1. Search the structure for amide H atoms under 5 Å from the amide H of I92, placed 1.01 Å from N in the peptide plane, and list their residues when 5 or more places away or on another chain.
2. Under 5 Å between amide hydrogens, which residues at least 5 positions from V69 or on another chain qualify, with H placed 1.01 Å from N in the peptide plane?
3. Above 17 Å lies some portion of the pair distances; for the stretch 138-192, what is it as a whole percent of all C-alpha pairs?
4. Taking +1 at the Cβ of each Lys and Arg and -1 at the Cβ of each Asp and Glu, which of L84, C121, V102 sits farthest along the dipole of the stretch 68-135 towards its positive end, judged by Cα position relative to the Cα centre?
5. In whole Hz and in residue order, list the ³J(HN,Hα) couplings for the stretch 84-100 that follow from phi through the Karplus curve 6.51 cos²θ - 1.76 cosθ + 1.60, θ = phi - 60°; x for Gly and Pro.
6. To the nearest 20 Debye, how big is the dipole of the stretch 138-192 about its Cα centre, given +1 on the beta carbon of each Lys and Arg and -1 on that of each Asp and Glu?
7. Let me spell out the model: positive unit charges on the Cβ of Lys and Arg, negative unit charges on the Cβ of Asp and Glu, origin at the Cα centre of the chain. What dipole size does that give, in debye rounded to 20?
8. Normalised radius of gyration for the stretch 16-150, please: alpha carbon Rg relative to 2.2 N^0.38 Å, two decimal places.
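Taken together, the values in this text are just the output of simple stated rules run on the coordinates, not laboratory data. Everything numeric here is computed off the predicted structure, so don't read it as measured data. Neighbour counts run over all protein chains shown; Cβ positions are idealised from the backbone, glycine included.
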Amino acid sequence: MNQVLPQTQCGLCGYAGCFPYAKAITEGASILLCQPGGAQVAQKLKQITGSVELIDQEKMELKRTPVQVVDIDLDECIGCTKCLDVCPTDAIIGSHKMLHRVLEDQCNGCELCTQACPVDCMTMKPIDQSFDAFYAKRGEFKIRFDAKKKRQILQKDDYNRRHAKVKLKQATGDRTLAIRREQIQKWLNDEDK
């Protein structure tokens, strides 16, 4: 079922990517939530799941906005990096207190960054591309999405290890041994997952 979804990882359905949405469908969520996929994807999902939901093709196509990517007003951008955190495909580059840029060919048009921007310097602009051509890049979107998730897990693990070392340096005597045991147990539990 996950393969039927467009793999844009946009979150417009209300779920954090196509896989969580596919999982939710198996648990009874509506098959009509995928805006990029429109009526075509809803029809395929209906065949797979045997859902009895009625698909209003006209209404579904109206939800499908023209293909858009984000545009940043560089005069307004304050370099807060909030957009970098929410972008599922790492289509925005920049760093703290520096201007940000959008890699248009990697933007999936999800609008999550526009919602996160505290100064409203981001807008969506239509691009001259058909849905089929734009969503043909869905494999690239999925690869970028998965790579970001993997990197975030590694960063969190690295942070936890560094924090544990600092905590250990601050401890003395019996407390040091207890902290070491606690950290070793935590690492063992993390590796089991």
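1. Amide H neighbours of I92: L103.
2. Under 5 Å from the amide H of V69: K125, I127.
3. Cα-Cα pairs in the stretch 138-192 separated by more than 17 Å: 51 percent.
4. Of L84, C121, V102, it is L84.
5. Those phi angles translate into 5, 5, 8, 5, x, 10, 6, 7, 10, 10, x, 9, 4, 6, 10, 5, 10 Hz.
6. Value, rounded to 20: 300 debye.
7. 1180
8. That ratio works out to 1.16.
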